[in-house]
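A.B. asks: Mind having a look at this structure? Questions to follow.
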Amino acid sequence: MTQVNHLIEIHGLKKIYQSGDIKVDAIKQMDFFIDDEEFIAIMGQSGSGKSTLLSIMGALNHPTEGQILVDSLDLYSLTAEQRADFRSEYIGFIFQSFQLIPYLTVLENVKLPMAVTGQKKKIKNQMALEMIDRVGLGAKSHRLPDQLSGGEQERVAVARAIVNKPPIILADEPTGNLDSKTAEEIMLLLQSLNKDGHTVIVVTHNQDIKAYATRSIKVQDGECFA
Amino acid sequence: MKLHNISFGNIKRRKGKMFFLVLGLVIGISTVVTLLSITQTMTRNIEERLNQFGANIVMVPKSENLSLNYGGIDVGGVSYKVREFDQEQLEDIKTIKNYKNLSIIAPKVLGPVTVNGKNVLLMGVLFEEELALKTWWHKTGGTFPEKENEVMLGSQIATLLGFKTGGIINLSGNSFKVATILKPTGASEDDAIIASLGASQRLLGKEDKLSMVEISAFCQGCPISEMTLQIAEKFPNAKVTAMKQAVMSKMQSIDMFKSFSLGVSIIVILIGSLLVLVTMMGSVNERTREIGIFRAIGFRSGHVMQIILLEAMLLGIIGGILGFVIGNLIAYGIIPVMIKDGAFAGINANLGIVSIFMAVALSLLASLYPAFKASNMDPSEALRAL
């Protein structure tokens, strides 16, 4: 019987990618848990399976085997549309290379996750501006992404990830394209979000990130070592 | 932030691609509008000619004898007994299915009368109907007859008998005033005395009898041959003939042109739709990354579909409006060149509405597959492009 005491529980997780006759074991076997308000650094080299793990935790990638429970909810027993709603409500994604929509302004990019929620326009605006202020870009809310520096674009990505106030923030190599000073600023921002109650999970190969995390999980050859 | 903001933003950003998509729709819609305008003008042109020609259905009593007359030249020298209808029977024409399409019914009585010892043709008519039918009748002076004791002379007979407008003519012992003389028409009326139907019937001793009826049927795409059959069924003793075969064959040519236009329109619209499909597919493929982000931040597949279809709808509206305007401009320019005496029939608002709806429908149909593909994109696959 599964005892659900943690925010995220992963049991017997396996993921195999198959292309023709070629099979790749991206995740061989993983079992671990993450508690509420933790700041987890998932460390591993390129090809270790950490990004696959992140996408599975983000309800984006169906595992080949195993179970992932978030707040007692078995993610992959949900329909695709229910998982979309789950992502909207529970998850804030921060992607490597920022991944902002180039034709939308900072404000519009931050409001993007709210396009499918039922809030009123005024509330959406208020929430988005609040998040933009939080990441220190209050004066640049009407600029387009290509009018911002790399660090500023990453801040917009963070604001977009937290605008719906999701309990979990998943960040994939958030400092990968930033200089060390800007990377430190972003990590401090994530740390402050963690202190505000968000559970932050960062996937990275950068050993320096460990210093900001409350706990780290090492991923190697599709297996994890807590 | 709403889904339509994303659609608007994408249209603004990908102006080049969207231009080609709209171009596909504009080519399709403008071709349809141009061809429809041309056929509309051609039809109107032919109908105007039909109207100018006067009667297009003639009803005469059935005779077993063959005519020995061609182009007004009688070669037989044999006078057949002229048969008539009862005037009362003419009321039955009102019971045919297409009666409302019969714009003018002009009954006549014909017979010989004596003027200065010569036999001449007297034609009794209902002047109001006859003048509406024979729009090419022009008087030389005076007025068209309004009273029972007034007559109108054909140009030839007036010259031969030496009568002038205002003069008095004696027809078989009865005096009539010459109200006017017709200008030459080149037809039978040049040799006839034309009097009111009632007076003529009395003079000829043919009370309540009719020698022939000329009918003008006029409406857009009237089934003349069908109406001829309907009349023939009601009047079994009459020979009912549809006239102006040449004009009718022109109508057939228009029908052929209409079929051709339809064929061309379908092909052009298919090509236009293909252009929309290819452009939309390209747009969706280019936006894999974007769609991945949308899906990752909680957009349902239906939301992605809405974004793509909304774009298609907006571009359909633009394509429909532009296609309608350009189609009308082409028609305006091309019609005077293509059709002799042809003038642009004018802007048809209904066609405008249909054009916009058609463009939107085409754009949506052609975008359905790309939208479906985008909405069903596996988010993890889409995110691998990140």
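Read-outs throughout are calculated quantities, based only on the coordinates presented, and are distinct from any laboratory measurement. What you see is a predicted model, and the numbers here were worked out from it, not measured in a lab. Cβ coordinates were reconstructed from backbone atoms using ideal geometry, including for glycine residues, and neighbour counts include every protein chain displayed.
A.B. asks: Starting with the fewest neighbours, write out B:ARG287, B:ARG295 ranked by other beta-carbon atoms found within 10 Å of each beta-carbon. Let's see the in-between values first.
C.D. replies: On the way: B:ARG287 23, B:ARG295 27.
So the ranking, lowest neighbour count to highest, is B:ARG287, B:ARG295.
A.B. asks: Then there is this: If you place +1 on the Cβ of every Lys and Arg and -1 on the Cβ of every Asp and Glu, how big does the dipole about the Cα centre of the protein assembly as shown come out, in debye to the nearest 20?
C.D. replies: Working: 60 positive and 59 negative charges, 271 e Å.
Magnitude of the dipole: close to 1300 debye.
A.B. asks: Among A:ILE101, A:ILE40, A:ILE123, which one shows the highest mean-square fluctuation when chain A is modelled as a Gaussian network with alpha-carbon springs under 10 Å?
C.D. replies: It is A:ILE123.
A.B. asks: Here is a further query. What net charge do the residues around A:SER88 carry, taking every other residue with its C-beta under 12 Å from that of A:SER88, with Lys and Arg at +1 and Asp and Glu at -1?
C.D. replies: Here the count lands on +2.
A.B. asks: Let me ask another. Given springs between every Cα pair under 10 Å in a Gaussian network model of chain B, which of B:GLU233, B:GLU214, B:GLU286 has the largest fluctuation?
C.D. replies: B:GLU286
A.B. asks: Nearest 20 debye, what's the magnitude of the dipole of chain B about its Cα centre given +1 on Lys and Arg Cβ and -1 on Asp and Glu Cβ?
C.D. replies: Working: 37 positive and 30 negative charges, 359 e Å.
Once rounded to the nearest 20, the dipole reads 1720 debye.
A.B. asks: Same structure, new question: Fewest to most neighbouring Cβ within 10 Å: what's the order for B:LEU126, A:LEU13?
C.D. replies: On the way: B:LEU126 17, A:LEU13 24.
Going from sparsest to densest Cβ surroundings: B:LEU126, A:LEU13.
A.B. asks: Could you list B:ILE215, B:ILE334 so that the one with the fewest beta carbons within 10 Å of its beta carbon is first and the one with the most is last?
C.D. replies: Working: B:ILE215 25, B:ILE334 15.
Ascending number of Cβ neighbours within 10 Å: B:ILE334, B:ILE215.
A.B. asks: Turning to a different aspect of this structure: Just checking the output field for A:111-118: average partner chain Cβ neighbours within 10 Å of each residue's Cβ? Please report the intermediate quantities before stating the final value.
C.D. replies: Working: counts 3, 8, 7, 4, 12, 11, 2, 0.
Per residue, the number of nearby Cβ atoms from other chains is 6 on average.
A.B. asks: Please list, in order along segment A:149-166, the HN-Hα scalar couplings obtained from phi with the Karplus expression 6.51 cos²θ - 1.76 cosθ + 1.60 (θ = phi - 60°), rounded to whole Hz, x for Gly and Pro.
C.D. replies: With coefficients 6.51, -1.76 and 1.60, one gets 6, x, x, 5, 5, 5, 5, 4, 4, 5, 4, 5, 5, 9, 4, 8, 6, x Hz.
A.B. asks: Something else: Can you give me the span-like helices of chain B, meaning DSSP H runs with 27 Å or more of Cα extent along the axis and Kyte-Doolittle mean at or above -0.5? It would help to have the intermediate numbers written out before the result.
C.D. replies: Numbers: long enough: B:15-52 (53 Å, 0.60); B:245-286 (61 Å, 1.21); B:301-338 (52 Å, 1.78); B:349-375 (37 Å, 1.51).
Long hydrophobic helices here: B:15-52, B:245-286, B:301-338, B:349-375.
A.B. asks: Oh, and also: Could you go through segment B:94-109 in sequence order and give the Karplus-derived ³J(HN,Hα) for each residue, using 6.51 cos²θ - 1.76 cosθ + 1.60 with θ = phi - 60°, rounded to whole Hz, and x for Gly and Pro?
C.D. replies: 5, 8, 6, 4, 9, 4, 5, 8, 8, 7, 9, 10, 10, x, 9, 10
A.B. asks: A follow-up question, please. What pairs from B:LYS139/B:LYS206; B:LYS183/B:LYS239; B:LYS183/B:LYS209; A:LYS122/B:LYS2; A:LYS111/B:LYS12; A:LYS14/A:LYS50 go past 23 Å between their alpha carbons? Write out the running numbers ahead of the final one.
C.D. replies: Details: B:LYS139/B:LYS206 28 Å; B:LYS183/B:LYS239 31 Å; B:LYS183/B:LYS209 29 Å; A:LYS122/B:LYS2 12 Å; A:LYS111/B:LYS12 19 Å; A:LYS14/A:LYS50 12 Å.
Long pairs (Cα-Cα over 23 Å): B:LYS139/B:LYS206; B:LYS183/B:LYS239; B:LYS183/B:LYS209.
A.B. asks: Connecting C-alpha atoms closer than 10 Å in a GNM of chain B, tell me which of B:ASN174, B:ASN149, B:ASN237 has the biggest fluctuation.
C.D. replies: B:ASN174
A.B. asks: While we're on this one: Quick check: from the Cα gyration tensor, does segment A:27-80 come out rounded (a/c under 1.5), prolate or oblate? Intermediate results must be reported in sequence, preceding the final value.
C.D. replies: Details: a/c = 1.89, a/b = 1.20, b/c = 1.58.
It is oblate, given that a/c is not under 1.5 and a/b is not larger than b/c.
A.B. asks: So, how do all the Cα-to-Cα distances of segment B:312-386 break down into 10 Å bins, in percent, from 0 on up?
C.D. replies: 18, 29, 22, 15, 9, 5, 1
A.B. asks: Per-residue Cβ counts within 10 Å, from other chains only, averaged over A:97-107: what number is that? Could you put the intermediate results ahead of the total?
C.D. replies: Values: counts 2, 1, 8, 1, 9, 3, 10, 6, 1, 0, 1.
What the average comes to for A:97-107 is 4.
A.B. asks: Is the C-alpha gyration tensor of segment A:1-48 telling us rounded, prolate or oblate? Criteria: a/c under 1.5 is rounded; beyond that, a/b larger than b/c is prolate, otherwise oblate. Present the calculation step by step, with values, prior to reporting the outcome.
C.D. replies: Details: a/c = 4.14, a/b = 1.71, b/c = 2.41.
Because a/c hits 1.5 or more and a/b fails to exceed b/c, segment A:1-48 counts as oblate.
A.B. asks: Beyond 22 Å, what share of the Cα-Cα pairs of segment B:239-386 remains, rounded to the nearest whole percent?
C.D. replies: When all Cα pairs of segment B:239-386 are counted, 57 percent exceed 22 Å.
A.B. asks: Right, next: Given +1 on the Cβ of Lys and Arg, -1 on the Cβ of Asp and Glu, and no further charges, what dipole in debye does segment A:130-226 carry about its Cα centre, rounded to the nearest 20?
C.D. replies: 300 debye
A.B. asks: Please name which of B:PRO61, A:SER19, B:ILE38 has its Cα lying farthest along the dipole of the protein assembly as shown towards the positive end, using unit charges on Cβ (Lys, Arg +1; Asp, Glu -1) and the Cα centre as origin.
C.D. replies: About the Cα centre, the residue reaching furthest to the positive side is B:PRO61.
A.B. asks: Also, I was wondering about something else. Given the rule -39500 (n - 2.57) for each run of at least 4 DSSP H residues, summed and divided by the residues of the protein assembly as shown, what is its mean residue ellipticity at 222 nm, to the nearest 500 deg cm²/dmol?
C.D. replies: Mean residue ellipticity, 222 nm, calculated: -14500 deg cm²/dmol.
A.B. asks: When the convex hull of the C-alpha atoms of segment B:54-243 is computed, what volume per residue in Å³ does it have? The partial results should precede the final answer.
C.D. replies: Numbers: hull volume 23.7 nm³, N = 190.
Hull volume over Cα atoms, normalised by residue count, gives 125 Å³.
A.B. asks: Per residue of segment A:10-20, what does 6.51 cos²θ - 1.76 cosθ + 1.60 with θ = phi - 60° give for ³J(HN,Hα)? Whole Hz please, x for Gly and Pro, Karplus curve as stated.
C.D. replies: Rounded to whole hertz, the list is 10, 10, x, 6, 9, 9, 10, 9, 10, 10, x.
A.B. asks: Across segment A:127-226, how many lysine pairs, 8 or more apart or on two chains, come within less than 17 Å at their alpha-carbon atoms? Walk me through the numbers on the way to the answer.
C.D. replies: Details: A:LYS165/A:LYS195; A:LYS181/A:LYS210; A:LYS195/A:LYS210; A:LYS210/A:LYS218.
Lysine pairs meeting the criterion: 4.
A.B. asks: Charges on Cβ only, +1 for Lys and Arg, -1 for Asp and Glu, centred on the Cα centroid of segment B:54-243; of B:SER155, B:LEU110, B:ALA242, which one is farthest towards the dipole's positive end?
C.D. replies: Positive-most Cα among the choices belongs to B:SER155.
A.B. asks: Related question: Give the average, rounded to an integer, of partner chain Cβ atoms located within 10 angstrom of each Cβ in B:2-12. Mind showing how you got there, number by number?
C.D. replies: On the way: counts 6, 2, 1, 6, 6, 0, 1, 6, 3, 1, 1.
Neighbouring Cβ atoms belonging to other protein chains average 3 per residue here.
A.B. asks: Please name whichever of A:PRO102, A:HIS62, A:PRO166 sits farthest to the positive end of the charge dipole of segment A:8-225, dipole taken about the Cα centre and charges placed at Cβ: Lys and Arg +1, Asp and Glu -1.
C.D. replies: It is A:PRO102, whose Cα lies furthest towards the positive end.
A.B. asks: Let me ask you something else. Computed over the Cα atoms, what is the radius of gyration of segment A:8-225 divided by 2.2 N^0.38 Å, N being its residue count? All intermediate terms of the calculation are to be shown ahead of the outcome.
C.D. replies: Working: Rg = 17.3 Å, N = 218, 2.2 N^0.38 = 17.0 Å.
The value comes to 1.01.
A.B. asks: Could you tell me how many cubic angstrom of Cα convex hull volume chain B has per residue? All intermediate terms of the calculation are to be shown ahead of the outcome.
C.D. replies: Numbers: hull volume 73.0 nm³, N = 386.
Here the figure is 189 Å³ per residue.
A.B. asks: Hey, how many Å between the Cα centroid of segment B:332-386 and the Cα centroid of segment B:296-310?
C.D. replies: Comparing the Cα centres of segment B:332-386 and segment B:296-310, I get a distance of 22 Å.
A.B. asks: Calculate the translational D of the protein assembly as shown in whole µm² s⁻¹ from Stokes-Einstein, where the hydrodynamic radius comes from the Kirkwood formula applied to all Cα pairs, the temperature is 4 °C and the viscosity 1.567 mPa s. Don't skip to the answer; put the middle values down first.
C.D. replies: Numbers: Rh = 31.9 Å.
D = 41 µm²/s.
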